[in-house]
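This report refers to the structure that appears directly beneath it.
The values are calculated or read from the model by the stated rules, or taken from the named source; none is laboratory data. A quick note: this is a predicted structure, and the numbers were derived from the prediction, not measured. Cβ atoms come from the backbone with ideal geometry, glycine included; neighbour counts cover every protein chain shown. Ligands, DNA and RNA are excluded from the accessible area calculation, which covers all protein heavy atoms including side chains. Shrake-Rupley method; radii C 1.70, N 1.55, O 1.52, S 1.80 Å.
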There are 4 protein chains.
Amino acid sequence: MQKETAILLIHCPDQTGIIRAVTDFLYTNNGNIVYLDQHTETSTGQFFMRIAWQIEGFQIQREKIGEYFDTLLARKFQMTWKLHFSDQKKRMAIFVTKLSHCFYDILYRYRSGEWQLEIPCIISNHQTLQSVAEQFDIPFYHFPITKENKLEQEKQQLALLKEHQVDLIVLARYMQIVTGDFISHYPFKIINIHHSFLPAFVGSKPYHAAYDRGVKIIGATSHYVTEDLDAGPIIEQGVSHVSHKEDVKAFIRKGKDIEKIVLSKAIAKDLEHKILVYNNRTVVFD
Amino acid sequence: MQKETAILLIHCPDQTGIIRAVTDFLYTNNGNIVYLDQHTETSTGQFFMRIAWQIEGFQIQREKIGEYFDTLLARKFQMTWKLHFSDQKKRMAIFVTKLSHCFYDILYRYRSGEWQLEIPCIISNHQTLQSVAEQFDIPFYHFPITKENKLEQEKQQLALLKEHQVDLIVLARYMQIVTGDFISHYPFKIINIHHSFLPAFVGSKPYHAAYDRGVKIIGATSHYVTEDLDAGPIIEQGVSHVSHKEDVKAFIRKGKDIEKIVLSKAIAKDLEHKILVYNNRTVVFD
Amino acid sequence: MQKETAILLIHCPDQTGIIRAVTDFLYTNNGNIVYLDQHTETSTGQFFMRIAWQIEGFQIQREKIGEYFDTLLARKFQMTWKLHFSDQKKRMAIFVTKLSHCFYDILYRYRSGEWQLEIPCIISNHQTLQSVAEQFDIPFYHFPITKENKLEQEKQQLALLKEHQVDLIVLARYMQIVTGDFISHYPFKIINIHHSFLPAFVGSKPYHAAYDRGVKIIGATSHYVTEDLDAGPIIEQGVSHVSHKEDVKAFIRKGKDIEKIVLSKAIAKDLEHKILVYNNRTVVFD
Amino acid sequence: MQKETAILLIHCPDQTGIIRAVTDFLYTNNGNIVYLDQHTETSTGQFFMRIAWQIEGFQIQREKIGEYFDTLLARKFQMTWKLHFSDQKKRMAIFVTKLSHCFYDILYRYRSGEWQLEIPCIISNHQTLQSVAEQFDIPFYHFPITKENKLEQEKQQLALLKEHQVDLIVLARYMQIVTGDFISHYPFKIINIHHSFLPAFVGSKPYHAAYDRGVKIIGATSHYVTEDLDAGPIIEQGVSHVSHKEDVKAFIRKGKDIEKIVLSKAIAKDLEHKILVYNNRTVVFD
């Protein structure tokens, strides 16, 4: 059986001795490393690292690891860091509208136990997918959105998310633009799927735009949501060739298969604590 | 041995009976069809067709085929059409600057007999690749370009192209923008390779822009050159996944392999008379 | 709205005049063609065609089309042909065991109306997925299989399939080999998904075999089931790159996404009457 | 400018403390690490590592690094290791027969300076490509092979390779099977390109076999040559979709583009000292 692990995500200005210092810290305290990957971005001189080790046998008790790491290493190297434990399940909310392909793909993985995850609630601006939520026994909340009520509805949504202790939000073809205020409560914690290979075809109706431009490849992009529309850090992209024989409807049909796979891959990486964001780009460890 | 064929490229408003009429015309005159593909674009109601048949045994003599086809069919169906013969080699000029990857890929295919083609001349704004041209025994012409002499140099180039009876131009990473006047002499007869998946990253330094945006897929696009920069009808696109481990240099290195394959595929389709342009989109037959 | 169409799938020895004859038959009887694709396989001299036209306005009544086509055209050209109508829904049975990824992918498309289809029954040799079938309100039948009862159980299954008027069977990771006798009742009407890019890794545990061989690409193959194990005509294949960092578990996880897309694409092509089988190969029209 | 580096490739049984020990060794001796990647294969409990650091400033002199590393670290951890220096160019021989696509692709990269490499000689069993070798000013040696003279010719080839101090051999569509004796002089130093996605279609005429099987994907595989035909450790694989419209000739044409890219990628990885072989599988670092 998989032993429980502690997982550190780190970034800091690159300098000599970081890997040695971190591995030495773990070695000295009897930490059995089960994952180590790191990357130095030469363009920014930034160092990134993900390291995981077994909790069992580690000489620093779980509650104290953060404090010790911060004191002994993080300050010295000016590290930004996050500590996770593999036995903590993230709590993810799904936002949907009417399209079900990404929604089903997420729910099937959840139900089949593919992911380490809780889904406490589903939020939608329409009632179309309520029956699907019920089929999977997950509470469904309907928040109709109009220009007038948007801010108020987001306030209600935030309260609901807080109540459900949600720490990750997925916009699974949610056809509403969320406000900067809303986003500020979940920085780099909202994953969106955009149905084009960004930065091409930002905004609405990207398949129509792709058809009009006569492209020979269509795609989809999953990214963290920031205040700039469709401009947040990209996590994963996928594409498929198209020919003149395919019209907009065919683009949409083919695109759905790309979207759902690309979104689910991004969610998986987030759940495994394998993504670091820096400078509006992502480091996505294998 | 492959028998010589006549090839018709047709487009016209869609209506009932076109395929029947064209195949009847060939059948009646003893034409043995070796290729037939057609497509109706529902968004524009336009019909496209490529049909090829053996010249040998066809009852209308070669020089008269165009006239007969126009009289008996094209006018009735308001067809725009072009007639080619498989034994006519296109004469293609290559424009280059300093990068050699696409250049070599084209020259190797030419030399190894992969393509039905003559390359009477190579034109460059630098002398860097002159030795490669000489290595392949193809006349090389050096036209240094400045803001001041651009129009004059293009005039000289046009004269040279006319002299060499060039009917297809390939910009194989030619780092100059050609003028609208120049393009007007070769409408949909100039193929360019752009080093991004258009319409993302139009203009110069697309790999730098792609890196800055943090994309997870890079690409290349071959298209016919029109007056609008990087906005002409797309012929072929290719992509490759990239990760955070790859910097701009790595993008450029990986991109070269995509570019040369994508450009050569587009050239091949053009040489086989398999491309129709309509409404700034292409129909590219298999 | 999409008008209802008649669809003909034809193959016969190639000869001059087939397309003309078929299009003339339709034109003469006021048939408005909405799809025409054909292919001549030079290696076997075989001609393949798919043609569809609107039923409305066609001068031969629906029930008589087959008879007329056979009399006037099929015999003359020695055609093998099948006639379908777009308003007839296929009735498809799904066979599953314990894995749910393909199962959910099929059910979601069914439920969301992506396919023209009825699913009257689900058959399994285990009860694991019964709750999923119930979740989608589809009758689930449990047929436990042992060496001893296999032939008897298949007899029962065949009776059930007949009762449900099933005309297409999908083995969605069904972990039993069906007998030649069973297959003979559904020739080229049983679609299987094999979890490797065939012909590599025939048989059981292909991901383990792929890992042991050290491949850098894994894949999946959907094919019609014939008596020869994993050797039936291939409909669709998909692949994904893998690296040394991925172990067998990772292959299996990544493979599931390929399998479900590849299987669903094959089902879609079958439902659209776009597949012809000849010489253990398929012609899959666009 | 890129500073010169020392590069260590290591594998050993996995145990706690390896990374710490190696990074400590470098840190203590003032080694500035510019690359570190490692991998633990859980199925075999084997640890793999590639680490590179700047020679300038390192306190152990270049000639002594191997000895020190062996004494202080390798023995303790039972490491198998190789030390390379980035300023040492590999000397690579190319074996060809008649097909030129891989040959040109290698020569263009060599000529354009893409690779850190010397090509002292080209060996062929035919004279077809002699003119290409001359075009690139590289000595060409013709060794006609018959059943009778094969062993004797290989002896001559080995003498020539030794004379030219060759340490890497590329079989660029060399249509001869080399003997086990020949291979034993270059263990995991001979790279071959096989024109199928192995293990499918081992042996000759794989495109014909692929066509006969009716596959929808074709591919190519580069691998180190071992005594078992087409069964050596795989370095890189590439694929392309094909349809029923493509015959064997089309497979061959399309396959050439895959082959040359796949072979060149494998060569690049070898030249960068990024490949480790273990248990007939490769670890190919990014």
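At a probe radius of 1.4 Å, figure out the A/B buried accessible area, summed over both chains, and give it in Å² to the nearest 100.
In total, this chain pair buries about 2900 Å².
Percentage of Cα-Cα pair distances in the protein assembly as shown greater than 58 Å, rounded to whole percent?
Cα-Cα pairs in the protein assembly as shown separated by more than 58 Å: 16 percent.
Tell me the volume per residue, in Å³, of the convex hull enclosing the alpha carbons of the stretch A:30-164.
About 199 Å³ per residue, rounded to a whole number.
Along Cα-to-Cβ, 7 Å out, sits the label point; list in nm, shortest first, how far the one on B:Glu227 is from those in the other copies.
Computed spacing set for this position: 4.1, 6.9, 7.2 nm.
Comparing the chain by itself with all protein chains present, which residues of the stretch D:265-285 are at least 40 Å² less accessible (probe 1.4 Å)?
D:Arg281
If the viscosity is 1.306 mPa s and the temperature 10 °C, what Stokes-Einstein diffusion coefficient in µm²/s follows for the stretch C:5-85 when Rh is the Kirkwood radius over Cα pairs?
125
May I ask for the net charge around B:Leu263, where only other residues with Cβ less than 9 Å from the Cβ of B:Leu263 are counted and Lys, Arg are +1 while Asp, Glu are -1?
Around B:Leu263, the charge tally is 0.
So, with +1 on the Cβ of K and R and -1 on the Cβ of D and E, and no other charges, what is the size of the charge dipole of chain A about its Cα centre, to the nearest 20 debye?
Once rounded to the nearest 20, the dipole reads 520 debye.
Using only alpha carbon pairs under 8 Å that are at least six residues apart, calculate the relative contact order of the stretch A:90-284 and give it in whole percent.
Relative contact order here is 20 percent.
In nm, to one decimal, how far is the C:Thr42 label point from the A:Ala231 one, both placed 7 Å along Cα→Cβ?
Roughly 5.3 nm, to one decimal.
Are there any residues in the stretch A:212-239 with a reduction of at least 50 Å² in accessible surface when going from the isolated chain to the assembly of protein chains? Probe 1.4 Å, please list them by number.
By number: A:Arg213, A:Lys216, A:Ile217, A:Ile234, A:Gln237.
For the protein assembly as shown, give the magnitude of the charge dipole about the Cα centre (Cβ charges: +1 Lys/Arg, -1 Asp/Glu; no others), in debye to the nearest 20.
That gives a dipole near 0 debye.
Can you pull out the GluC sites (Glu not before Pro) in the stretch B:128-193 that DSSP calls coil and that have at most 16 other Cβ atoms within 10 Å?
B:Glu148
For the stretch C:221-283, state what percent of all Cα-Cα pairs lands in each successive 5 Å bin, counting from 0 Å until the bin that includes the largest distance.
4, 17, 22, 20, 16, 11, 7, 3, 0
Within the set A:Lys265/B:Lys256; A:Lys216/B:Lys147; D:Lys64/D:Lys155, which residue pairs have Cα atoms separated by over 31 Å?
A:Lys216/B:Lys147; D:Lys64/D:Lys155
Distances in nm, one decimal, shortest first, from C:His126 to the same residue in every other copy, taking the label point 7 angstrom along Cα→Cβ.
3.7, 5.4, 6.2
To the nearest 20 debye, what is the magnitude of the charge dipole of the stretch A:14-113 about its Cα centre, counting +1 on the Cβ of each Lys and Arg and -1 on the Cβ of each Asp and Glu?
Around 460 debye, computed over the stretch A:14-113.
Express the relative contact order of the stretch D:111-159 as a whole percentage, based on alpha carbon pairs under 8 Å and six or more residues apart in sequence.
33
Where Lys and Arg each count +1 and Asp and Glu each count -1, what net charge lies around B:Leu198 among other residues with Cβ under 12 Å from its Cβ?
Neighbourhood net charge equals -1.
If R0 is 45 Å, what FRET efficiency do you get for D:Val202 and B:Tyr278 from their C-beta distance, rounded to 0.05?
That pair, D:Val202 with B:Tyr278, gives E of 0.45.
In 5 Å bins starting at zero, report the fraction of Cα pairs in the stretch C:176-286 per bin as a rounded %.
2, 12, 23, 22, 18, 12, 8, 3, 0
Name the most mobile residue of D:Thr40, D:Thr146, D:Thr97, meaning the one with the largest mean-square fluctuation, in a Gaussian network model of chain D with Cα contacts below 10 Å.
Result: D:Thr146 has the largest fluctuation of those listed.
Can you list, shortest first and in nm, the gaps between the label point of A:Asp247 and those of its counterparts in the other copies, using a point 7 Å from Cα in the C-beta direction?
Copy-to-copy label distances for A:Asp247: 3.4, 5.0, 5.1 nm.
Work through the residues other than A:Leu276 whose Cβ is under 10 Å from its Cβ and net out their charges, Lys, Arg +1 and Asp, Glu -1.
Local net charge: +4.
Quick check on chain C: helices-only [θ] at 222 nm, where DSSP H runs of length 4 and up contribute -39,500 (n - 2.57) each and the sum goes over total residues. Nearest 500, please.
Helix-only estimate at 222 nm: -9000 deg cm²/dmol.
Put +1 on the Cβ of every Lys and Arg and -1 on every Asp and Glu Cβ in the stretch C:1-132; which of C:Leu83, C:Gln54, C:Tyr104 then has its Cα farthest towards the positive end of the dipole?
C:Tyr104
Using the C-alpha gyration tensor of the stretch C:192-238, what are the square roots of 5 times its eigenvalues, in whole angstrom, with the largest one first?
Three semi-axes, in Å: 19, 11, 7.
Distance between Cα centroids, the stretch B:110-137 to the stretch B:1-61: provide it in whole Å.
35
Per residue, how much space in cubic angstrom lies within the convex hull of the C-alpha atoms of the stretch B:123-211?
125
Tell me the accessible surface of B:Val34 in square angstrom (1.4 angstrom probe, heavy atoms of protein chains only), to the nearest ten.
80
What number, in percent, do you get for the relative contact order of the stretch C:203-279 if the mean sequence gap of Cα pairs under 8 Å and at least 6 apart is divided by its residue count?
Averaging sequence separation for qualifying contacts and normalising by length gives 31 percent for the stretch C:203-279.
5 Å is the cut-off here: which amide hydrogens, built 1.01 Å from N in the peptide plane, fall below it relative to D:Tyr35, excluding neighbours closer than 5 in sequence?
Long-range HN contacts for D:Tyr35: D:Ala52.
Per the 1.4 Å probe, what fraction of the accessible area of chain B, in percent, lies on carbon and sulfur atoms?
48
Along the charge dipole of chain D, which of D:Gln176, D:Ala21, D:Ala6 sits closest to the positive end, that is, farthest toward it, with unit charges on the beta carbon of Lys, Arg, Asp and Glu (+1, +1, -1, -1)?
D:Gln176
With every protein chain kept in the model, how would you rank D:Trp115, D:Trp53 by accessible area, 1.4 Å probe, largest at the top?
D:Trp115, D:Trp53
Restricting things to alpha carbons, tell me how big the stretch C:90-284 is in terms of Rg and Dmax, in Å.
Cα only, the stretch C:90-284: 16.2, 50 Å (Rg, Dmax).
P(r) tail for the stretch D:75-117, what percent of Cα pairs lie past 11 Å?
For the stretch D:75-117, the share of Cα pairs beyond 11 Å comes to 75 percent.
I need two numbers for the stretch B:59-135: Rg to one decimal and Dmax as a whole number, Cα atoms only, in Å.
Rg and Dmax of the stretch B:59-135, Cα atoms, are 19.0, 54 Å.
In whole angstrom, note down how far apart the Cα centers of the stretch B:209-244 and the stretch C:208-228 are.
33
For the rotation bringing D onto C, which D residue has its Cβ nearest the axis, and at how many Å?
D:Ala200, 2
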